[in-house]
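Participant: Encoded as structure tokens, here's the structure I'll be asking about.
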Amino acid sequence: AMFVDVGRNLMIILVIIVSFAFTLTTLEQPGYESPPKAVLNLMYVILGMSSAESEALEGFGFFCLTAFVIIVEIGFLNILIAQLALIYERLSLDKEGYAKMNRAYTCVEIESFLSDKYRIKVWDEFNFELPLQFDAGDDGPSGGIQVLEPASVRAAKKYVPDRVLRFPGEARSTDPWPVD
């Protein structure tokens, strides 16, 4: 997608260069006698290497050259820079995922050097067979590691409250159904 966006922008700039080259050639401006020479001189103007020929333009030719500089250098090159900045931002969002994948790969590689006896000992210390505790008297599923979240998470703008209503305590068939 990045190369398509950049290529599209550069193609539009090329079309504008050619159209202004033909305009200046048609106006018979000095230094722009033929379309190839006009394209070359316009490239020199864009790159800041223009010669004294660009200053010899008269009337409408000078207006066309000024419009060309404004459109290409200020407009399209700023759009190109903005596109590249957005592409960089999009790619930098993925870097955290790539870093985590690399970290997991490294952990698996390191774990392969450990003995089976040590791996079983570490697994047993995690107590994965015990259920996780959500609240007092509210046990959840087994097979995880409990991590308590800080209270500041609930104050964040992006916090979405949990839609699951929890009613702690033991569940018995004789207990009444909870009321909101």
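Participant: Just for the range 126-166: of the residues that are among the β-branched types (Val, Ile, Thr) and closer than 30 Å to Val179 by Cβ, which one is least open to solvent (accessible area, probe 1.4 Å)?
Facilitator: Per the criteria, the residue is Val153.
Participant: Would you confirm whether or not the range 117-128 contains a residue that is within 22 Å of Phe167 (Cα to Cα), in contact with a strand residue (DSSP E or B) (Cβ under 7 Å, 6 or more places away or on another chain) and touching a residue at least 12 places away in the same chain (Cβ under 8 Å)?
Facilitator: Checking the range 117-128: not a single residue is within 22 Å of Phe167 (Cα to Cα), in contact with a strand residue (DSSP E or B) (Cβ under 7 Å, 6 or more places away or on another chain) and touching a residue at least 12 places away in the same chain (Cβ under 8 Å).
Participant: Given the conditions (1) aromatic (Phe, Trp, Tyr); (2) open to solvent by 70 Å² or more (accessible area, probe 1.4 Å); (3) assigned to a loop (DSSP other than H, G, I, E, B), which single one is not true for Tyr118?
Facilitator: (3)
Participant: Next question. Quick check on this structure: which one of Asp139, Asp124, Asp162 is outside any helix (DSSP H, G or I), farther than 30 Å from Asp5 by Cβ and over 33 Å from the mean Cα position of the chain (by Cα)? Spell out the reasoning first.
Facilitator: Working: Asp124 fails: outside any helix (DSSP H, G or I); Asp162 fails: over 33 Å from the mean Cα position of the chain (by Cα).
Only one candidate passes the filter, namely Asp139.
Participant: Of the residues Ser173, Ser92, Ser142, Ser112, which single one is in contact with a strand residue (DSSP E or B) (Cβ under 6 Å, 6 or more places away or on another chain) and either modelled with pLDDT of 80 or more or farther than 30 Å from Leu24 by Cα (or both)? Quick ask: steps written out before the conclusion?
Facilitator: Numbers: Ser173 fails: in contact with a strand residue (DSSP E or B) (Cβ under 6 Å, 6 or more places away or on another chain); Ser92 fails: in contact with a strand residue (DSSP E or B) (Cβ under 6 Å, 6 or more places away or on another chain); Ser112 fails: in contact with a strand residue (DSSP E or B) (Cβ under 6 Å, 6 or more places away or on another chain).
Matching residue, one of Ser173, Ser92, Ser142, Ser112: Ser142.
Participant: Is at least one residue of the range 22-41 of a type in the set (Gly, Ala, Ser), surrounded by 11 or more Cβ atoms within 10 Å (Cβ to Cβ) and within 24 Å of Phe3 (Cα to Cα)? I'd like the intermediate steps shown before the answer.
Facilitator: Applying the first criterion (of a type in the set (Gly, Ala, Ser)) to the range 22-41 yields 31, 34, 38.
Applying the additional criterion that residues be surrounded by 11 or more Cβ atoms within 10 Å (Cβ to Cβ) yields 31, 38.
Pick out the ones that are also within 24 Å of Phe3 (Cα to Cα) and you get none.
Checking the range 22-41: not a single residue is of a type in the set (Gly, Ala, Ser), surrounded by 11 or more Cβ atoms within 10 Å (Cβ to Cβ) and within 24 Å of Phe3 (Cα to Cα).
Participant: Same structure again: Checking the structure you have, find out if any residue of the range 70-92 is outside any helix (DSSP H, G or I), within 33 Å of the chain's Cα centre (by Cα), free of Cβ contacts under 8 Å to residues at least 40 places away in the same chain and surrounded by fewer than 10 Cβ atoms within 10 Å (Cβ to Cβ).
Facilitator: Of the residues in the range 70-92, the ones outside any helix (DSSP H, G or I) are none.
The answer is no; no qualifying residue exists.
The values are calculated or read from the model by the stated rules, or taken from the named source; none is laboratory data. Here the structure is a predicted model, which is why all the values come from computation and not from measurement. Cβ sites come from the backbone with ideal geometry, for glycine too, and all protein chains shown count toward neighbours. Quick note on the areas: whole protein, heavy atoms, side chains included, nothing else; ligands and nucleic acids left out. Shrake-Rupley method; radii C 1.70, N 1.55, O 1.52, S 1.80 Å.
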